[in-house]
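The values are calculated or read from the model by the stated rules, or taken from the named source; none is laboratory data. As the structure is a prediction and not an experimental result, all values here were calculated from the model. All Cβ positions, glycine included, derive from the backbone under ideal geometry; neighbour counts span all protein chains shown.
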Amino acid sequence: MPYFAGRWDSGRSTDTFDVIDPVTERRLVTLTEAGPAEVDAAVSFARSALDDGEWGRTDGAARGRMLNRLADLIEEATELFATLESLDIGKPGFEPRAIDLPQVIQTFRYFAGWADKVEGRSIPTPSYMGRPTHSYTVREPVGVVAAITPWNSPTMIGAWKIAPALAVGCAVILKPPEDAPLTSLLLASLVEEAGFPAGAFSVLPGRGRGTGQALIDHPGVDKISFTGSPETGYKVAVAAAKGFRRTTLELGGKSPQIVYADADLEQAAQGVGIGIFANQGEVCAAGSRILVARPVYEEFVERLVGHALNVKLGDPFDEGTTMGALINEGQVTRVSRYIDLGLKEGASLLVGGRRPEGKGYFVEPTLFGDASNSMTIARQEIFGPVGTIIPFDSEQQAVAIANDSDYALAATLWTSDVNRAHGVARQVKAGAVAINGWAPLNPRLPWGGFKLSGLGRELGWSGIEANTEEKTVTAVLSYPLPE
Ligand code: TXE
């Protein structure tokens, strides 16, 4: 049921949708969808909470205390969050416990620290008609922020949007993914317990075309922070263009992982394996294009295939499972179609490629070798456990292949040469480059891409900038200038 205006309320909506367990294919729960009337009520209430309500009067120090309290409550509920995340998404239990939840908690704590430190600047300006001037800037909350999250890591990606926005005093309306909404509902109850006043935070469950579209079309929304597909990102940008409302768009990638001949091959194979198989490959920064220097190609590929063979596909709640199910039948169809295309276009299937018999949306960890960068499996985001391995002959060729993509989100370099590492890092077109490790996550580091990967940055100081407007104030003083 939707949560807005400080309470759980299904409003006038009678529409519902089912949430499916990707492992058993059974219905987990049926939820009431927020319709246009509930979206409108949530936006109006959020606006008045900012303009004349308690939230708008809450100062930075108090917001910081609430965010820290929220982080503590999430920490206490880690087991429940992790269980819901595995149930909803099909990811193995160690992942939310080791990655998603620690990230969520850190993100709320990190932005709690910013809440009373968002300062403006004092800028020296010349005199005006012989009178001295005093100019400074202040950063004000952008207003009502619609946060639309995807199903692959909804709790963590949600925290990336919610924490900075609440820290600076925006009102946030979260539209969680219809395939995995459960942890967002749990979060709403903890936000309330942490003491945030009514209207500071709302959750509107529902499908994209209904709830999502109504939210992004609503003129009372000042900013849309979206993570999802480029197709939906485009719709968000079009909706936001009316009124030139702010957007942050994080739209996935086709990120290269470049393995040079001087890399520690075992470390690289392990890291590259994590980069493509973590979270079933349903990761925006998945290192799905694996570029390998020709002299070490055979040896590296053998190690990486060994890594794939060690992956234990299965029920996320079974001990030892290292890869779970994909999110839904549609995603299995999509991934299987790309595997067929890889075979048709002439890449060599090295391992995997099948959907195991029985219930559940499983696909084996899959690697294609001897691929070229023009193949569909090297160009389009698959969003599943499918890696495309491409050999290269020179450093410049590796950079050229890496940059020959419609996407520019992340890149990973594996080399023991520090000069090469930083030199190539500068040449690769990506929002984030990791050297000898895969996409280290940290709320202090700005996150986002360009080209088809999106617009703007989340996290770090960039997350504060993305949720504030900088206002310039100039005072002309009636005070004589010194002779
Ligand atoms: O994404 P959508 P889908 C990619 C990935 C995946 C593909 C399709 O390749 O296979 O997208 O996934 C909401 N107005 N990524 O269909 O549709 C929707 O309800 C407003 C990469 O799930 O983009 C959900 O909450 N909102 C990506 C969110 O948008 C709308 C992560 C994302 O859904 C809407 C997810 C509309 N008209 C998918 N339509 C990444 N960057 O990591 C949908 N939504």
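From the list T107, T137, exactly one residue is touching a residue at least 60 places away in the same chain (Cβ under 8 Å), within 30 Å of L477 (Cβ to Cβ) and out of contact with any Cys (no Cβ under 9 Å at 6 or more places or on another chain). Which is it?
Details: T107 fails: within 30 Å of L477 (Cβ to Cβ).
Exactly one of T107, T137 is touching a residue at least 60 places away in the same chain (Cβ under 8 Å), within 30 Å of L477 (Cβ to Cβ) and out of contact with any Cys (no Cβ under 9 Å at 6 or more places or on another chain), namely T137.
Identify, by number, the condition in (1) part of a loop (DSSP other than H, G, I, E, B); (2) away from the ligand (no atom under 16 Å from the Cβ) that I290 doesn't meet.
Every condition holds for I290 apart from (1).
Restrict the check to the range 317-334 and report whether at least one residue is more than 26 Å from S405 (Cβ to Cβ), away from the ligand (no atom under 11 Å from the Cβ), aliphatic (A, V, I, L, M) and surrounded by fewer than 18 Cβ atoms within 10 Å (Cβ to Cβ).
Residues of the range 317-334 more than 26 Å from S405 (Cβ to Cβ): 317-322, 324-325, 328-329.
Pick out the ones that are also away from the ligand (no atom under 11 Å from the Cβ) and you get 317-322, 324-325, 329.
If we keep only those that are aliphatic (A, V, I, L, M) too, we end up with 325.
Pick out the ones that are also surrounded by fewer than 18 Cβ atoms within 10 Å (Cβ to Cβ) and you get none.
Scanning the range 317-334, I find no residue that is more than 26 Å from S405 (Cβ to Cβ), away from the ligand (no atom under 11 Å from the Cβ), aliphatic (A, V, I, L, M) and surrounded by fewer than 18 Cβ atoms within 10 Å (Cβ to Cβ), so the answer is no.
Of everything in the range 252-283 that's among the aliphatic types (A, V, I, L, M), in a loop (DSSP other than H, G, I, E, B) and touching a residue at least 60 places away in the same chain (Cβ under 8 Å), which residue is nearest to P295 (Cα to Cα)?
So in the range 252-283, the residues among the aliphatic types (A, V, I, L, M) come out as 258-259, 261, 263, 265, 268-269, 272, 274, 276, 278, 283.
Checking which are in a loop (DSSP other than H, G, I, E, B) leaves us with 261, 263, 283.
From what is left, the residues that are touching a residue at least 60 places away in the same chain (Cβ under 8 Å) are 263, 283.
Working: A263: 12, V283: 30 Å.
Per the stated criteria, the residue is A263.
Identify all residues within the range 433-455 that are within 16 Å of the ligand (Cβ to nearest atom) and crowded, with 22+ Cβ neighbours inside 10 Å; write none if there are none.
W438, A439, W447, G448, G449, S453, G454
Of the numbered conditions (1) within 15 Å of the ligand (Cβ to nearest atom); (2) over 19 Å from I89 (Cβ atoms); (3) crowded, with 19+ Cβ neighbours inside 10 Å; (4) not basic (K, R), F383 satisfies every one except a single condition; which is it?
(2)
On the given criteria, is G195 of a type outside the set (A, V, I, L, M, F, W, C) and either crowded, with 24+ Cβ neighbours inside 10 Å or modelled with pLDDT under 95 (or both)? So that I can check it myself, show each step before the final result.
Values: of a type outside the set (A, V, I, L, M, F, W, C): yes; either crowded, with 24+ Cβ neighbours inside 10 Å or modelled with pLDDT under 95 (or both): no.
Taking the combined requirement at face value, the residue does not satisfy it.
Go through the residues of the range 355-371 one by one and say whether even a single one is among the charged types (D, E, K, R), within 22 Å of the chain's Cα centre (by Cα) and either away from the ligand (no atom under 13 Å from the Cβ) or surrounded by 17 or more Cβ atoms within 10 Å (Cβ to Cβ) (or both). Quick ask: steps written out before the conclusion?
Within the range 355-371, the subset among the charged types (D, E, K, R) is 355, 357, 359, 364, 370.
Filter once more, keeping what is within 22 Å of the chain's Cα centre (by Cα): none.
The answer is no; no qualifying residue exists.
Considering every residue within the range 144-167, establish whether at least one is surrounded by fewer than 24 Cβ atoms within 10 Å (Cβ to Cβ), over 19 Å from L251 (Cβ atoms) and either within 15 Å of the ligand (Cβ to nearest atom) or at pLDDT 95 or above (or both).
No: zero hits.
Hey, among G306, G281, G252, G314, which residue is modelled with pLDDT under 95 and either farther than 25 Å from N403 by Cβ or within 16 Å of the ligand (Cβ to nearest atom) (or both)?
Exactly one residue qualifies, and that residue is G252.
Hey, can you tell me all the residues within the range 385-408 that are polar (S, T, N, Q) and part of a loop (DSSP other than H, G, I, E, B)?
Narrowing the range 385-408 to residues polar (S, T, N, Q): 388, 394, 396-397, 403, 405.
S394, S405 - these are the residues of the range 385-408 that are polar (S, T, N, Q) and part of a loop (DSSP other than H, G, I, E, B).
Are any of the residues in the range 410-428 aromatic (F, W, Y), touching a residue at least 24 places away in the same chain (Cβ under 8 Å) and closer than 30 Å to F108 by Cβ?
no
With the structure loaded, tell me whether G463 is touching a Lys or Arg at 6+ places or on another chain (Cβ under 9 Å), assigned to a helix (DSSP H, G or I) and more than 16 Å from the ligand (Cβ to nearest atom) or whether it fails that test. Working first, answer last.
Numbers: touching a Lys or Arg at 6+ places or on another chain (Cβ under 9 Å): yes; assigned to a helix (DSSP H, G or I): yes; more than 16 Å from the ligand (Cβ to nearest atom): yes.
It is true that G463 is touching a Lys or Arg at 6+ places or on another chain (Cβ under 9 Å), assigned to a helix (DSSP H, G or I) and more than 16 Å from the ligand (Cβ to nearest atom).
Is there any pair with a first residue in the range 364-388 that is in the same structural domain as G90 (by TED's automatic domain parsing) and a second that is away from the ligand (no atom under 13 Å from the Cβ) whose Cβ atoms are under 6 Å apart and which are 6 or more apart or on different chains, and what are they?
none
Residue-wise test of (1) in contact with an Asp or Glu (Cβ under 9 Å, 6 or more places away or on another chain); (2) farther than 24 Å from K117 by Cβ.
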| position | (1), (2) |
| --- | --- |
| F17 | yes, yes |
| V29 | yes, yes |
| A42 | no, yes |
| L50 | no, no |
| D59 | yes, no |
| R65 | no, no |
| E85 | yes, yes |
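Looking at V351, V399 in this structure, which one is of a type in the set (A, V, I, L, M), out of contact with any strand residue (DSSP E or B) (no Cβ under 6 Å at 6 or more places or on another chain) and not assigned by TED's automatic domain parsing to the domain that holds A71?
Numbers: V351 fails: out of contact with any strand residue (DSSP E or B) (no Cβ under 6 Å at 6 or more places or on another chain).
Every option except V399 fails the conditions.
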